[in-house]
Structure formats: structure tokens, C-alpha cells
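Single-structure report; data block below.
The values are calculated or read from the model by the stated rules, or taken from the named source; none is laboratory data. Treat the numbers as computed from the prediction; the structure is a model and nothing was measured. Glycine also receives a Cβ, built like all others from the backbone with ideal geometry; neighbour counts cover every protein chain displayed.
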Amino acid sequence: MAKRRIRLGVSMIGLGYHLAAWRHPDAPAGGNMELPHFVRVTQAAERGLFDMAFLADGVGIRFHDEPKGALCRTSKNVQFEPLTLLSALAMVTRRVGLVATASTTYNEPYHVARKFASLDHISGGRAGWNVVTSVTDMEARNFNRDKAPGYDVRYDRAAEFVEVVRGLWESWEDDVFVRDKESGINYRPEGLHVLDHQGPHFQVKGPLNVARTPQGAPVIVQAGASDQGRELAAATADVVYAAAQTLADAQAYYRDVKGRMARYGRDPDHLKIMPGLMAVPGRTRQEAQDRYEALQQRVDPLVGLAALANYLGDLSGYDLDGPVPEPPNRRMHSRAQIFLDIARRGNLTIRQLYLSIAGGNGHRLVIGTPADIADAMEEWFHQDAADGFNILPPWLPGGLEDVVDMVVPELQRRGLFRTAYEGMTLRENLGVAPATHRRAEARKRAAMAAALGSAAQ
Ligand SMILES: Cc1cc2nc3c(=O)[nH]c(=O)nc-3n(C[C@H](O)[C@H](O)[C@H](O)COP(=O)(O)O)c2cc1C
């Protein structure tokens, strides 16, 4: 059996993950709206043999201007629409997977099925869909509502949404297009399946007007830590993008999500759990620390408070150097809890709390030599806490290039990471299950049974 190896993705939102990323002396300040910036980032990921380049997304600005004056001090304001950007990046890369976030609350399944199927064709089998339900009211206000629907409603719709999308991706069998100019037959009619879905949220006739894709179905990624999110991941996802600070929390999450898979008849190895990891390497520990400090010093207090407000509500009425109070307004439950745990564990002040999350935003942060970072990854990988990591560079593109140039070789030396891509498609490289075509298999089984039946007569 092939040796189990670490999977790597990179979260390439904007100019990096750190709150002050755009103020880094070497960051292209307008890069979040410049194609060449993203070309450089994805090509660095591919040079590092990463499984996937990942675009988080919101359908609206998700950064509260709370306290006032915070939004104009961040770069978390404008960004490309992910599928449009990834279509362009497909043309300048060959192997790295291209994963875009799309919301199940503010889209229709037909649109999503069609766009990701198209990206899968354009990229030669490298597309992935990060399924999110869009938790913020800021997004809801762009779609005729005041508030986001509650968890149960969002996830109920999401589960049916994913099922419809998967069904639409099975509209066409693999080799159905014969395109025989002589006979005039374009496709074999028995290989076309009409979905005819009738459910509580969606009525979708189909078929999809995009042919079966190179991967059969784009990879499904799930990001969401609530009970409903975990269930959706266990039922449908190939990859989970998770957030955990400690080994014990990551192990508990890993065990829980993989444990739910048996209910759906799935092999736990076919779901790759990849927590976010902000890795800051340096040739020495001091150099790594200095690099990180240079960013920390650039965090504006208003921006720090606003980052907390996204999860805990506005704390600007409290003393920055006093203790973290009971949050006035919890917004994202799982992440809010992570933040409060960090504050209580370290007995942190408000300022210390926003500085401690300024980098990883609740994800794990490791600052050190390439060996330190490889040790940190190896520990989680070998102790059932992770199958890989979604790397969150503090700033882009340099923060990713540092990981590619320093950490990847160290992982390779340890035999923990590939030295060449195994396959052409994202599914092959991740080592997740090939996409089966349930309706084609059913048709073939029925045809076989009919043939056996008539032979027996
Ligand atoms: C690691 C991680 C990454 C996420 N990325 C996104 C994203 O890019 N866009 C988005 O709308 N929601 C994103 N979410 C939010 C989830 O979809 C979900 O709405 C939110 O976390 C609240 O639900 P939860 O309690 O299930 O986590 C992410 C969640 C996690 C844990």
C-alpha cells in the first residue's frame, strides 16, 4: 500500500491571512484585485506540489465596520469572484487543484453545478467546490433579507443543494458523446439521465447542459464546524477545511467527523481533514519570530477590535488592556468559542486577544525553523488529528514562497510529502474516492439483468 502522505492546500485569500498583511513592505498593496498577484501565488503553490489552491469567499464584505473606521484600515474589502479568477488561473497552471467557495444559501444548484463542471473541464480535472452556507447577515442583506437564516434552515437547504448538484453532475455518462458525423448521431440517448428532482427546497428537472467532467465530479470541500456542518461533511465531502488550536481539539474533531461516515457507508480514508495552519518559517527561530513581529506591529487597534467584533461583538467600550468580558454579541458560534477559550487559557486582555488571533484568526500558528514547522505537522498527522493542512500564509506571495522553499523540502526529506504529483486530477492527487456515476451503474446493472434474463429464456 502507498505510504500515507500529508496533503497541502493554500488559502490564498487577498494579500494573506494576517490582519496587517497588506501593510507588509513586500506585499503588493493592490494585489487582491490584480491577476498577476494570483498567478504568482498559484504558481508558487504548484512549484511546491500543493494539492490545492483554495479561495475562501463571502458574497459581500464580511468585515464589520465596528468600531467605526476599521474597514478603511483593512484590505478585507474587495476581492475577485472565485470561479472567474480560478478559470483564469487554470490557464497558467497544470497540476494544482483549484478550489472555490460557493454559497448554498444564495445560489441555485443548477448554477453551481454548471459553473464547477465548467471549471473542471477548463482545468483538466482540477476543480473543487468549498460548500458554505454563508453565516453573516452582511451577506443576507445583499439578497433581499435582513438576517441569515438559522443553522438548521441553512444546513437543511445545503444538504439537499449538494444532492441536487451531484445529481446534475450525473446527467451524462462518460462516453456518451459519439459525435458520429456519418450516421448523424451526436450522443447515445441511453447515456443521458434526467434528474427530475422534487424536494422541499428545490424542484430541478435537469439535465445539466455540461458534459460529465474529467473528474466525474469536482471535489467537494466542506468548511463548518457545527454539528450540522460535520454531518454534511461526513455525508458528502472529500475534504474538510477545519480550524483547531490544540492537538486534543483537532483529534476530537477528526474522530467525530470520521466516525460519522459509517452511517453513509463511506470509508474514513476518503475524507481528508485539513486544518488551517499559519506557518511562519525562518532560517532561525529568531528570524521567524522577527518576521511575525513585523506584521504584529502593524495591526491597527481599530482593526484588531473589528476582527474580534466579527465573532464576539463590539468590545470598544471596554479597556483594551483589561480582561475579555462575556461577549455582548456572539456571531459565529464555533469560532467565537475558540476565541474565548484562547482568552481564558492565557488570561488575556482584549489587546492580547486580538494580537493572538491577528495571524491565524483562530487557526493554529507555528513560528520557527522549517524543522519546527515540519515537527508540528508531523505530530498532528501521525496522531490522528489531520490528513494534511490548509496553509494560511501571513502575507502573499512571500509567506507562501517561504513555505514552499523551506518547509516543503523538509517534509520531503522526512518522506512525509510527495516529490512529484501522482496524477493529473485533484481527486487523484488527494487520494480520495473516484466519483462514481450512480445512475450509469444502475442502468448497466439493469441492462445486464435483462440480458441474462433473455439468455435464460
Ligand atoms: C475553516 C473554516 C473556513 C470557512 N470558510 C468559509 C468561507 O470561505 N466562506 C463562508 O461563507 N464561510 C466559511 N466558513 C463558515 C462556515 O461555512 C459556517 O457558516 C460558519 O463556520 C458557522 O458555522 P459552523 O458553526 O458550522 O462553523 C468557514 C468555516 C470554517 C470552520
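Annotations
- Selection over region 51-75 of residues that are in contact with a Ser or Thr (Cβ under 9 Å, 6 or more places away or on another chain) and at pLDDT 95 or above gives a count of 8.
- Filtered residues of region 425-444 (kept if in contact (Cβ under 8 Å) with a residue 60 or more places away in the chain and either closer than 19 Å to residue 188 by Cα or more than 20 Å from the chain's Cα centre (by Cα) (or both)): 436, 437, 438, 439, 440, 443
- Count - residues of region 260-292 that are without any contact (Cβ under 8 Å) to a residue 12 or more places away in the chain and of a type in the set (Gly, Ala, Ser): 2
- Selection status of residue 63, hydrophobic (A, V, I, L, M, F, W, C), more than 30 Å from residue 145 (Cα to Cα) and touching a residue at least 12 places away in the same chain (Cβ under 8 Å): no
Here is a yes/no grid of residues against (1) of a type in the set (Asp, Glu); (2) within 30 Å of residue 370 (Cα to Cα); (3) surrounded by fewer than 16 Cβ atoms within 10 Å (Cβ to Cβ); (4) at pLDDT 95 or above:
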position	(1), (2), (3), (4)
238	yes, yes, no, yes
251	no, yes, no, yes
255	no, yes, yes, yes
272	no, yes, no, yes
279	no, yes, no, yes
288	no, yes, no, yes
292	no, yes, no, yes
301	no, no, no, yes
312	no, no, no, no
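- Among the candidates 40, 47, 73, the residue that is assigned by TED's automatic domain parsing to the domain that holds residue 403 and in contact with an Asp or Glu (Cβ under 8 Å, 6 or more places away or on another chain) is uniquely 73.
- Residue satisfying all of: in region 392-417; hydrophobic (A, V, I, L, M, F, W, C) and in a helix (DSSP H, G or I); nearest to the chain's Cα centre (by Cα) among these: 400
- Residues that are crowded, with 17+ Cβ neighbours inside 10 Å and β-branched (Val, Ile, Thr) number at least 1 in the following strands (runs of 3 or more DSSP E) confined to region 173-235: 219-222.
- Among the residues of region 221-253, the ones that are in contact with a helix residue (DSSP H, G or I) (Cβ under 8 Å, 6 or more places away or on another chain), within 13 Å of the ligand (Cβ to nearest atom) and under 12 Å from residue 162 (Cα atoms) come to 3 in all.
- Region 333-345 residues that are farther than 12 Å from residue 363 by Cα, paired with ones that are more than 14 Å from the ligand (Cβ to nearest atom) and not in a helix (DSSP H, G or I) (beta carbon under 6 Å, 6 or more apart): 343/324
- 1 or more residues within 16 Å of the ligand (Cβ to nearest atom) and within 26 Å of the chain's Cα centre (by Cα): qualifying helices (runs of 4 or more DSSP H) within region 257-349: 301-312, 333-346
- Residue within region 55-70 that is surrounded by 20 or more Cβ atoms within 10 Å (Cβ to Cβ) and in contact with a Gly (Cβ under 7 Å, 6 or more places away or on another chain) present: no
One line per residue, one yes/no per condition, for (1) in the same structural domain as residue 342 (by TED's automatic domain parsing); (2) farther than 15 Å from residue 355 by Cα:
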| site | (1), (2) |
| --- | --- |
| 278 | no, no |
| 282 | no, yes |
| 292 | no, no |
| 295 | no, no |
| 304 | yes, no |
| 308 | yes, no |
| 313 | yes, yes |
| 318 | yes, yes |
| 325 | yes, yes |
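- Residue count for region 56-65 satisfying the condition of being touching a Lys or Arg at 6+ places or on another chain (Cβ under 8 Å) and either at positive phi or within 8 Å of the ligand (Cβ to nearest atom) (or both): 2.
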